[in-house]
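The structure under discussion appears below in the form of structure tokens.
Since every read-out is calculated from the coordinates, none of them should be taken as a lab result. Note that the coordinates shown come from a computational prediction; the quantities given were computed from them, not determined experimentally. Ideal geometry is used to build each Cβ from the backbone, glycine not excepted, and the neighbour counts take in all protein chains shown.
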Amino acid sequence: MQSIIKSISFFLFLFLGCYALVYAQQAQVHGDVYERVAHDDHYHYHPLAGANVVWLGTTSGVATNAEGHFCLDVTVDLPHEIVVSYIGYRSDTILIENARAHVEVILDASQDLDEVTVSGRRSGAHVSSMEPVLTHVITGSEMQRAACCNLAEAFETNVSVDVSYSDAVSGAQQIQMLGLAGVYSQLMLENMPGIRGLGQPFGLSYVPGPWMESISISKGAASVMNGYESVTGQINVDLKKPEGPEQLYYNAFASSDGQMETALNAATDLNDNWSTMIMAHGELFQRKVDHNQNSFLDHPMVKKYNVLNRYRYERHGVMDSQFGFNLMQEEREGGQKAFFTNGETAGSDQYFGYGTNTTRFHGFARTGFYFESMPDASLGTQFSFTHYDQESFYGQRPYNGEQNTFYANIMFANTMGHPDHSFATGISFLIDDYSEQLNDSLFDRHESVPGIFFEYSYHSHERLTLVLSARADHHNLFGTLFTPRSHIHFNINEHTSIRGSAGKGYRVPNLIAENTGLLVSNRRIVVRDEVEAEEAWNYGGSITRRFDFLGREGSLAAEFYRTDFVNQMIVDVDSDHTMAVFYNLDGDSWANNYQVELSLEPIRRFDLTAAYRFTDSYATIGGELRRQPFVNRYRGMLSGSYATTGNDWQFDLTAQFNGSSRLPDMPESFGVRDASPSYTLLNAQVTYRWDRIEVYAGGENLTDYIQENPILNSHSPFDDGFDGSMIWGPLLGRKFYMGLRYTIERH
């Protein structure tokens, strides 16, 4: 513990002595583009994603990101004018006098030309055209097409990420990407470590939907600046910020199964330099529902309180700092209905009960400083600290855990004599301190990982971007971890671009926390081998084509990624139905992922997306190369969104087509199939907007498809064969919901 305190003190001292966060790798003009829409007697301002920002008289420019922000490289002599444009919006021309300028541009959302109104509509999800890594961006407007009460529900209109339950009792959810479990995808909060370690089982529910500004899904090898843990990609969540367009936001939500949630966000400027924002969220679910009559609650009872307070300090052209903290407390209870009606307590041998009490604290700080003498250079640091404490029981098995994580990242970036050549380099430090207890077994682990990294970038006339990078980390338990990665992005022409990537990733498995679903069973947990770091290569690429369809823009993207494991922790639930055996890979393990996605606007104000994904995922299990269990062979999606003129009414409909997955080997007497059946899910929502108020209502799983017999031997939970972890499909039937949003935006 003394070494932890010394390390933290050292980095806090370093934080006070230098300034943080890299904002630019060369001389750049920063700005934000907003759309202005008149509604009754008020104007509404929204970040405009995909707007073009170009130096006047040149083809040198960028597109704004999901938050309407842009960083434009200075490729002309200043002063010079930029042109900001978007289809269906009035263009604007602004004089830029120096490279430190920060501009805000407001475009009108319609043009009146000879009594003809041309209006535009922003796409809620898109592929970033500027990133060298294939990045799918889900904006706030896209998330509002569904209930999106938390991060787990933010992917309903996206085929790249699957979300499923890990068991039929606790409500824990997990994601899959590129045919592998979500633990192989690095989940970030504003480019810093987010949900990891002991928080993995329920972490997706810790990020409320009303807090999120956008989600960026990067596939394949990610940047080395964020660490070595990414194997299949990164999911980065950007939260709402004090300087954003939202001044006050309120959301209330209720569903037909008894779930109630509420959220309140408020932001204010304290003075010319300081601003702050507080976000609060609460969730309550107390109904004891057992629709399938298997004696177990279909959904755990939940009480959750979540608050985040953040601050921003900015001095234009000098520094920009953001820091804050998040505190969450959650209680979950589930299991057999009789456990509650008979007043049983933890460890009961009469009825199976489940309970988890979780407290989580997360603090972060990042600051940016710009050098007067080196306009192309920047220095940065990022700091975060997370404390996670959990007390839980699964039937007669107590499971408690505590985690403390400290992360520091110091970066320096500059050009290499020419704006086309730039680099970023730095050092990082990660401390993970775990203390877990399952029954009478202790799983304590301390990790200390200092690291260094270097990334070189080459840009050539907006046609070619090449990124070569590597990092080296020294793990106190596993020695030196060397992580090389490379990316290439080539624009064949203005409509077609290709991307490629290759790289290695590592991660250290958390055996119990990542497999808590196994605790909802009578399987014995057997750790056959000493835990080793998982190691894998990922490589692949994509091609994106933008085209004109009936006078409106459409896009078609195709991609392929393959992951090859050098070492993997295998969780064997096939060899013996009474055990879950953990051992290191002895053989091959790989996953191939193919995906194609079409987006277009067949008629004005109607967005249509069709996507299909095919996955091949195999591992050596019990000495035999077999398909990974619970991984859908294919998944398809058809999603449509239509908004009336003026955006008063919006109608959304999404159909998900889920293919079969292999199920673990079980005795024939259990009645478990070799593979799950294919099934279709249907979600719909209607939204009405009036002034500052939005009222929405919708339904999920309208086909009312539910997995049959999700808990094996559910009426004898302490006998052989009880297993609630064999989950491949929906656990909850048809659900209806409604809600209200109230927003006051800055003028």
Interchain or sequence-distant (5+) residues whose placed amide H lies within less than 5 Å of the amide H of Asp257 are Phe736
So how much slack lies between Ser678 and Thr578, counting 0.36 nm per residue of separation and subtracting their Cα-Cα distance, in nm? 33.2 nm
Ranked list, fewest to most other Cβ atoms within 10 Å of each Cβ, for Thr341, Thr563: Thr341, Thr563
What longest range of the chain stays clear of loop-exposed GluC sites (Glu not before Pro) (DSSP non-H/G/I/E/B, at most 12 other C-beta within 10 angstrom)? 116-371
Fewest-first ordering of Lys504, Lys241, Lys219 by Cβ atoms within 10 Å yields Lys241, Lys504, Lys219
Quick one: if you stick a label point 7 Å off each Cα along the C-beta vector at Arg445 and Tyr688, how many nm between them? 5.3
Per-residue ³J(HN,Hα) for the stretch 449-456, Karplus 6.51 cos²θ - 1.76 cosθ + 1.60, θ = phi - 60°, Hz, x for Gly and Pro: 9, x, x, 10, 8, 8, 9, 10
What is the distance in Å between the Cα centres of the stretch 453-501 and the stretch 304-357? 37
Calculate the length of the line joining the C-alpha centroid of the stretch 144-165 to that of the stretch 264-286, in whole Å. 24
In nm, the gap between the two label points placed 7 Å beyond Cα toward Cβ at Tyr742 and Tyr642 is 3.2
For Leu134, list long-range residues whose amide hydrogen, built 1.01 Å from N in the peptide plane, is under 5 Å from its own amide hydrogen. Lys219
With Cα atoms, 0 to 90° folded angle of helix 2-17 axis to the chain main axis: 10
Along principal axes, largest first, the alpha-carbon spread of the stretch 362-484 in whole Å comes out as 65, 29, 27
Taking R0 as 22 Å, what's the FRET efficiency between Ser91 and Glu243 from their Cβ-Cβ distance, rounded to 0.05? 0.30
Taking Cα centroids, how far is the stretch 616-685 from the stretch 535-585 in Å? 15
Quote the relative contact order of the chain in percent (integer), defining contacts as alpha-carbon pairs under 8 Å separated by 6+ residues. 11
Rounded to whole Hz, the Karplus (6.51, -1.76, 1.60) HN-Hα couplings of the stretch 545-551, x for glycine and proline: 10, 9, 9, 9, 10, 6, x
Jot down the per residue volume, in cubic angstrom and as a whole number, of the convex hull over the alpha-carbon atoms of the stretch 466-568. 158
Set the Förster radius R0 to 30 Å, insert the Cβ-Cβ distance between Leu284 and Tyr705 as r into 1/(1 + (r/R0)^6), and round the FRET efficiency to 0.05. 0.65
Amide H of Ser230 versus every other amide H placed in the peptide plane: which residues, excluding those fewer than 5 positions away on the same chain, fall under 5 Å? Tyr506
Under a point spin-label approximation (7 Å from Cα along Cα-to-Cβ), what is the Asp586-Asn493 distance to one decimal in nm? 5.7
Which order results if Phe736, Phe482 are arranged by neighbouring Cβ count within 10 Å, fewest first? Phe482, Phe736
Read phi for every residue in the stretch 557-574 and hand back ³J(HN,Hα) as whole Hz from Karplus 6.51 cos²θ - 1.76 cosθ + 1.60, θ = phi - 60°, with x for Gly and Pro. 10, 10, 8, 8, 9, 10, 10, 10, 8, 8, 9, 8, 7, 8, 10, 8, 10, 9
In the structure shown, do any of Lys219/Lys304; Lys241/Lys304; Lys304/Lys504; Lys303/Lys735 have a Cα-Cα gap over 30 Å, and if so which? Lys219/Lys304; Lys304/Lys504
Computed from the beta carbon distance with a Förster radius of 51 Å, FRET efficiency for Ser460 and Glu624 to the nearest 0.05 stands at 0.55
Length gained when the stretch Ile427-Ser60 is fully extended (0.36 nm per residue, less Cα-Cα span): 128.8 nm
Candidates for semi-axes √(5λ) of the Cα gyration tensor in Å are (1) 46, 29, 24; (2) 42, 35, 28; (3) 41, 31, 26, and the calculated one carries label (3)
